[in-house]
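K.L.:
This is the structure I want to talk about, given as structure tokens.
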Amino acid sequence: MSLLYPLLLSSALFGIGLYGVLARRNAVLMLLGVELMLNAVNLNLVAFDAWFADRMHTGQVLTLFTIALAAAEIGLGLAIVLALFRAVRTVDVDEVGR
Amino acid sequence: MNATEVVFVVLSVLAAGSALLAMTSRQLVHAALWLVVTLGAVAGCFVLMTAEFIAWVQVLVYVGAVVVLVIFALMLTRQGREQGSGTTAEVTGNRWIAAVLGVVAAVGLGATTIAGFGGERIEGRRIGTAASIGDALFTDWVLPFEILSGVLLAALVGAIVLSRSGSDR
Amino acid sequence: MIRRWGYVGITAVLAVVVAIWAVPELGRDTVTFVTIGQTGPDGGPPLPSLSPDLLIYPGTAQILLLAVGVGLLVQIYSTAYLGHHPRYRSYALVIVLFLIAMIAVVGTTNLWVLLVGWEVMGLCSYLLIGHEWESPVARAGAAKAFLVTRIADLGLVMAIIVIGETYGTYDIVGAQVAQSEQPRHATLIGLLVLVAVVGKSAQFPLHTWLPDAMPGPTPITALIHAATMVAAGVYLAARLFQLYADSQVVLTAMAVVAAITMLMGALFAWVQTDLKRALAWSTVSQLALMLAAVAVGDPEAGTDHLLAHGVFKALLFLGCGCVMLAVGSSALSSMGGLRRRMPVTFWTMTAGFAALAGLVPTAGFFTKDSVLHAIERATDGDRGLAAGTAWVLLVVALVTTFVTAAYATRLWVLTFFGAGHGAGPHGTLGQDVREAPLAMAGPLVVLAVATFALSVGQPLHLGTGLLSTVIAVAGVAAVLVAARRGSTLAWAPRPLAAELWLDRPFSRWILALGTGASRVVVELDREVVDVYPRGGESLAATISRGLGLAQSRNVQRYATVLAVGVVMLVVIGVVVS
Amino acid sequence: MTIPVDWTVAGPATVVMIGALVALVVDASYSRRTWLGSGLPATAAVLAGIAELLREDATGAPFAFSLVVLLGTLFVVVASNVMNFENAMPPGEYHFLLMSASAGALVVVSARDVVTLVVALELLSLPSIALVGLRQGDRAAIRSAWTFFLASVVSTAITLMGVSLLYGVTGTLEYAGLREALVDPDVPGSVVSVAVVLTVVGLLFKLGAVPFHAWVPDAYGGTSVMVAGFLSAVSKAASLGALLVLLAEALPGAHDAWGPVVAVVAAVTMTIGNLGALRQDDAVGLLAWSSIAQAGFMLAPVVAVSGPYGLSAPVQYVAVYALANLVAFAALAVVLRLRGSTRLADLRGMARNDPWMGIPLVLAALTLAGFPPAVIGLVTKVVVIRPVVLDDHVWLAVVMGVNVMLGLAYYLRLVVTLCGRAEGEPYVSPSPPISVRFAKSTVLIGSATLVVLSAWPDLLLSHLP
């Protein structure tokens, strides 16, 4: 399989995720954009790991860590969003800042 | 183009398309569900790259936990004044800059990878069995693994203390 | 009372210690030891270290003695002048701190120690100018002095760094030794030193802070703004002279600055209506004369004049303080006729004005003569300065001599002669106008004696000496004649022209020219020189307001800025590599 | 089977992390809500961490940064006494999060592979974010946490993308392996450039460099003052250390890619930071913007990281900066607790009527400005400009010089305000509770250290690498 396929998919997902972070009005969906960006990273890592057939499995190990970090981040992030919602009664990022 | 590649391309189109829908959909819950499709398709890509263990973790953690959390959060933060149940503009005025930046990022990264890795091929060796990953994890990568436990604990404590309301103090 | 004399005691102890250290060095003209700083890792330049290695140079002993001597006299003087002030204690302590800093600047060979002393002097100056902080004028003057001398500090810091990088040492002697083997970067070092000197010694275009420093207590003006701190700039130029002596660019720039400043200062002094401000401008002008001596390659003449000027200008300022105490103001219009009431002040200040005008046999005559002689020697063009520049400098210096003699006489006449213009409704001096107390008059006498004593053993250059005497006497005479004919010696030219100077077209022309030139310079000063700080300030304010708008608290905008920034950085990274 | 862990890397961090857990557990079983329940175990753990660090007998930049991190944490923990733990802040969680972040900071500077670096960076970030939002029932705090969080995760994602590409071109993520692989002429240059720049982003974000700075003023302004002090001193020192070690150990081969980027970021950062600080009328806001500008100063010598002073200059600078900043923030925390405001107008005359807090603040401002009598500030300014000049980045040195001048403007405004004459009736300092006195003592010890260092700069210069 060509190495380029996963890499190009990763590039596309990263761009889409970035768009989501920068454009979505809802704070929770901004977080989903971040998740997409992290998934793009994972695709890259696994593809390179497979390409190198790395004996230390660096790519896959970092992918595992990234997934765990993403879970930790989204846990903390949703807690912040909920607290924010309690404080200002909205999750619209344009209004949160006011 | 062999069969694996055909399946990979199909999954890629599915993943990218549903990601785009997830980031543009006006229905909040739909967006979350489209994200599930994306994550599932990416898990399929992992399988095609013989990283089965990663694929299962992806399904378990993302689809099983993260997305459920997200949907809960969406429900909990549903605003009282829902004009037409979420059909208002769900993107900000920032969207054109955002679109340009997204395209620049995707094209830039794509061009970089084509320039760097064009013509390389992945051999079909099995790389991602649970045994081999576990072996690597607990020999070479044990320090970051332990630190990760600290990260999860700290994030947990942080999340709990932040979501506890101010009134109980 | 005892507490007050306690501070005098501290100062006296300091003075004695310095005297014990410095007096034996007076006659010596060789340096006995050399310390070179540690080199840094990999043979790089040394780490900035602050080792307390003090060393007396030929010539520095006199300056040290001048500083502690004037400091002691000022401290004594202040017991009477400011002794009842509620913040006398902090005032007296700051003077002691100032003296220690001055000793550090003059006595050290380590440039970093010099910098620390230099900065502490600046801080003391700021604190003392702002001593009367109830008055907005004093606050503004202090702030201005502080900000302008910052520019000088920047120049000094950069000069020190460049010297360290060039010669691998932060030691002045070490740098001079290294320079004598292989001179490098002379122009850069020289220009940076010049920036430091211009700021600290109030030379054009950074001259404006010194006259605005005049709201400070008068004894402080005598100590800091006449005898020591402002002289430190000239001292620095002389001390580091060897490092930039090869650069014609630096010497020419220095000569130009000196020429502009000396004439401008003298003209400004001529038009002042306030005795203290007039003396301040006179200081600016005299400092430029010293700088001119350095520029023509004779730093010793410069430091000699620094010494003499320190004594007689301190005398004049302290005398000015006595007069101010008597009449309650420093405006010339409120003085006059003080000759009989204040005989000690009158005679001592007469000596001071004579020295300022450059009349024989005061020290001022001899040292000014040395400077003029040095400039004259430079006109043959083989002392680093182009002959033409030196000629211009010489002409300007001679003109300045004339103006100096004229304004010195004018100030003398307006202060001590006449009926006492603003003395009271009945045109007579008030009963409370009397001689200053002993603690104030005493230092005046000491300084007046020193004004004559310092001329012992000074070299005499017959040609320039005669010329400058003739010019000075002409200046004095012109003003005296005008005064005798009833001139008010006010600076507005029109009434003078109408009433008095009709039969003397030449004198009128000079006066009108002087006044006109002064006006132009004042305008230039206000309109041009102030534009830079104002412009810079408003530019920074505008940008900073823009930043305020960008700080919108909208996360998405932040993230957009972040993403745009990353894209730009990636482009920089890819394109440049 | 032996678990291959390098204890010189993990030792102090493990001690601190265990201390964090102990603090959490002790607080849970301690009935009164005060600093004592969790603060004491936390202090003990930091001290044990310092002992462990010294026992390992390590040297070099990671050791120095670890020391700065641990001493900074100690300062913050003791000075946190000033906080109102009875009402606004849960003490157990506070100390746990603080210590976790500190453990992350320790691993960040001593990491020897990018995987550890990334994970440790999260251990530093996530608790910091929680700390920022910790003031309960406070709208500004949670808003700041949200800003900080989002900017943090976005830059983490970008960094991870860079890391993945770096892995793609080199096949390894260990510093030593990266160093060798990047020398290979066959590696695709454009990918290396993109990868390196993206990787550096996360560290620049933690450092608060422009264009990743926007969270800094909001986060510092919205959170408790001591947390802002922690972020500005400990977190910043750790990320600078990580950046320095990464660039010096792993990426010297890609110097062409990151050199200009770091130089440009440093120049823009110090300028924007200083300009932002000019318009602040709150002391905390002023320090927040000034810490952005200071990030530029510590970043500048990084361009010469392979030169003779490349490692020592940033270490020495950040050590003095961290100390001065902590003194300033702790003093402001005390002021905020006792007076309820840190606006410049309310601080007028503090050096006169409250000299025990006012004069340390003056001293800290002078140190940050690099202005005598705080000689040490001036010396460290010289220390960071020197490698830049030696490495022939003359334009950057000029920008630094201009920024020293710009910085003087607002630091001296602060000094002048503090030394000015208070208007209105004279301020009478209330008799503070004993915990506040404890916090005051840290301010005094810190400023005494600054004085000693000013009198004897060699003490610092010759003992840090």
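K.L.:
Mind listing whichever residues of region D:270-283 are more than 11 Å from chain C (Cβ to nearest Cβ) and buried (at least 23 other Cβ atoms within 10 Å of the Cβ)?
P.N.:
Here is the first cut: in region D:270-283, the residues more than 11 Å from chain C (Cβ to nearest Cβ) are D:270, D:281-283.
Matches in region D:270-283: D:M270, D:A283.
K.L.:
Something else now. Out of all the residues in region D:195-219, which are within 7 Å of another protein chain (Cβ to nearest Cβ), farther than 24 Å from A:L13 by Cα and in a helix (DSSP H, G or I)?
P.N.:
D:W215, D:P217, D:D218, listed by residue number.
K.L.:
Something else: Which one of the conditions (1) modelled with pLDDT under 90; (2) facing chain B (nearest Cβ under 7 Å); (3) within 22 Å of B:T129 (Cα to Cα) does A:L82 fail to meet, given that it meets all the rest?
P.N.:
Only one criterion is unmet by A:L82, namely (3).
K.L.:
Name the residue, out of D:V77, D:V16, D:V82, D:V69, that is within 23 Å of the chain's Cα centre (by Cα), modelled with pLDDT under 85 and buried (at least 24 other Cβ atoms within 10 Å of the Cβ).
P.N.:
Going through D:V77, D:V16, D:V82, D:V69 in turn, just one is within 23 Å of the chain's Cα centre (by Cα), modelled with pLDDT under 85 and buried (at least 24 other Cβ atoms within 10 Å of the Cβ): D:V82.
K.L.:
Right, another one. I'd like the full set of residues that are over 14 Å from D:V132 (Cβ atoms), hydrophobic (A, V, I, L, M, F, W, C) and in contact with a Gly (Cβ under 7 Å, 6 or more places away or on another chain), limited to region D:77-103.
P.N.:
Selection gives D:V77, D:M99, D:A103.
K.L.:
From the set of residues in region C:363-388 that are at pLDDT 80 or above and of a type in the set (S, T, Y), which is nearest to the chain's Cα centre (by Cα)?
P.N.:
C:T367
K.L.:
Another question about this same structure. If I go through region A:28-43 residue by residue, how many of them are within 8 Å of chain B (Cβ to nearest Cβ) and not acidic (D, E)?
P.N.:
Summing the residues that are within 8 Å of chain B (Cβ to nearest Cβ) and not acidic (D, E) in region A:28-43 gives 9.
K.L.:
Let me ask something else. For region D:296-327, which positions are closer than 22 Å to D:T449 by Cβ and among the aliphatic types (A, V, I, L, M)?
P.N.:
Within region D:296-327, D:M298, D:A313, D:V315, D:V318, D:A319, D:V320, D:A322, D:L323, D:A324, D:L326, D:V327 meet the criteria.
K.L.:
Considering region C:461-477 alone, what residues qualify as being touching a helix residue (DSSP H, G or I) at 6+ places or on another chain (Cβ under 6 Å) and assigned to a helix (DSSP H, G or I)? Reasoning before the result, please.
P.N.:
To start, the set of residues in region C:461-477 that are touching a helix residue (DSSP H, G or I) at 6+ places or on another chain (Cβ under 6 Å) comprises C:461, C:464-465, C:468, C:471-472, C:475-476.
Within region C:461-477, C:T464, C:G465, C:S468, C:I471, C:A472, C:G475, C:V476 qualify.
K.L.:
May I pose another question? A:V88 fails exactly one of the following numbered conditions: (1) surrounded by fewer than 23 Cβ atoms within 10 Å (Cβ to Cβ); (2) within 7 Å of chain B (Cβ to nearest Cβ); (3) in contact with a Lys or Arg (Cβ under 7 Å, 6 or more places away or on another chain). What is the number of that condition?
P.N.:
(2)
K.L.:
Another one. With the requirement that a residue be in a helix (DSSP H, G or I) and either of a type in the set (G, A, S) or modelled with pLDDT of 85 or more (or both), what does region D:328-355 give you?
P.N.:
D:A328, D:F329, D:A330, D:A331, D:L332, D:A333, D:V334, D:V335, D:L336, D:A345, D:A351
K.L.:
Quick one: how many residues across region C:164-208 are outside any helix (DSSP H, G or I), crowded, with 18+ Cβ neighbours inside 10 Å and of a type in the set (K, R)?
P.N.:
Residues flagged as outside any helix (DSSP H, G or I), crowded, with 18+ Cβ neighbours inside 10 Å and of a type in the set (K, R) within region C:164-208 amount to 0.
K.L.:
Has region A:44-60 got any residue that is in contact with a strand residue (DSSP E or B) (Cβ under 6 Å, 6 or more places away or on another chain), within 7 Å of chain B (Cβ to nearest Cβ), modelled with pLDDT under 90 and assigned to a helix (DSSP H, G or I)?
P.N.:
no
K.L.:
Moving on to the next point. Could we say that D:S144 is of a type in the set (S, T, N, Q), over 30 Å from B:F117 (Cα atoms) and touching a residue at least 40 places away in the same chain (Cβ under 8 Å) here?
P.N.:
Spelling it out, D:S144 is indeed of a type in the set (S, T, N, Q), over 30 Å from B:F117 (Cα atoms) and touching a residue at least 40 places away in the same chain (Cβ under 8 Å).
The values are calculated or read from the model by the stated rules, or taken from the named source; none is laboratory data. Not measured: the values here are computed from a predicted model. Glycine also receives a Cβ, built like all others from the backbone with ideal geometry; neighbour counts cover every protein chain displayed.
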